Structures are given as C-alpha cells and as structure tokens.
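In what follows, a structure is listed as structure tokens, so that the remarks can point back to it.
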C-alpha cells in the first residue's frame, strides 16, 4: 500500500465511534482455587516445629526447583499422623475441584513435600508433570515472603505487543501468600516463587493429587 494512502486510526478518535457493537467472549479460561484453612491454626505451631526438626535431622535440601532454602526428600509428608487434619482438608478440597473438572469420584493419592525458603530463597519456573491437580498450603509467611507467580499458559501471547493485565495482554499473575491459605491449580500451569526477603523462613506444604 502506498504510504500516502494509508489511514492510521487511534483509539478514541472519531473512527472508533462508528464501530459496530462488539460481543466479547473469553475463551480458554484457566481455573485455580483458593481456600482459607484458618480453623487449623491451632496446629500451626506444632507443624512448624515438625518442619524445623525435620530440617535439623536431614539438613541437605532435596534440590529440585528450590534454591537458598530447604525442601524435604520425603514426598509423603502428609501421611505422617501429625499432619492428618491438613491431609483431610486438602483431600476434600482436591476432590471438590476435580468434581468441577468433570472427574467426580476420581480416586487419587496425595504426593506431598515441604518447601522452606531462607532469605533470598526462591523456586525457579517449573510445572508438575502428569498430576491431576497441584497445590500449596502456606504454613509460615513472614513479612517479605516471596509471591507465588503463575506464567500465562498461552504459548503465543508472549509474542504480542500488549503487556499487562488487559484483554489479550501478557502478564504473570502474582499471588500473595498468607498463613492458612490453600491454593489449587492445574499441574501444567508454569509457576515460580519470587525471592524471599525475611530472616524468618517461609514454609509451605506443596502437593500433587495423582492417580
């Protein structure tokens, strides 16, 4: 097209006023769930003590995606008797979410481990493969705790010009943790944990619901 014959439209100009009525549709939605488990607060001190004792007994972190902190090598933490109230709550929450996903009555087992961050600790970008559902329960969250961040799962959106939380834009979603918060999300949702900025540890129980 000849540059002289090209018409440039800007949003808000008179040309936009003649636009036909638009009906919008949000497609490919991604659902996560949150719940407050504040009724379990009487157990928090005992669970925190359990985590710190487990770290002292086996101080070498398992690694995986955790950096500058500690995570348990054991992947069945919630099977310990002391964690029974939390295990029951998480199992019930996962069953309800799976029901919304069309998997009512689905049999599953919980794989679970501890993630602890010292100052500067974080988890790099990752996902949990082949699970029905993934999640985190936040046990100890001092001021300055790193946020849980979800990466936009649409692979092509990063190539667009629009950035930020706008329709068809690209932005990571930060979720601020707090003690007693339970979060469930699809296993394929890429996520990471931002750096921890406190001298007190940030502690969460991570888990997968697996067939």
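Overview of values
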{"read-out": "Semi-axis lengths, Å, segment 109-156, gyration tensor of Cα atoms, sqrt of 5 times eigenvalues", "value": "22, 17, 9"}
{"read-out": "The chain: calculated mean residue ellipticity at 222 nm from DSSP helix runs of at least 4, using -39500 (n - 2.57)", "value": "-5000 deg cm²/dmol"}
{"read-out": "Two-site label geometry, residue 52 and residue 91: point separation in nm, points 7 Å out along Cα→Cβ", "value": "3.0"}
{"read-out": "Top of 185, 25, 124 by mean-square fluctuation, Gaussian network on the chain, Cα under 10 Å", "value": "25"}
{"read-out": "Most to least packed among 38-44, 62-68, 27-33 [average Cβ atoms within 10 Å]", "value": "62-68, 38-44, 27-33"}
{"read-out": "On Cα atoms only, tilt of 44-57 relative to the major axis of the chain in degrees", "value": "80"}
{"read-out": "With Cα atoms, 0 to 90° folded angle of helix 84-100 axis to the chain main axis", "value": "30"}
{"read-out": "Relative contact order of the chain, defined on C-alpha pairs under 8 angstrom at six or more residues apart (%)", "value": "28"}
{"read-out": "Longest to shortest principal axis, alpha-carbon extents of segment 102-211, angstrom", "value": "41, 40, 20"}
{"read-out": "Tail weight of P(r) past 31 Å, computed on alpha-carbon pairs of the chain, percent", "value": "30"}
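FYI, it's all coordinate maths here, none of it is from the lab. Quantities reported herein were computed from a predicted structural model and do not represent experimental measurements. Quick reminder, even Gly has a Cβ in these numbers, built from the backbone with ideal geometry, and neighbours come from all protein chains shown.
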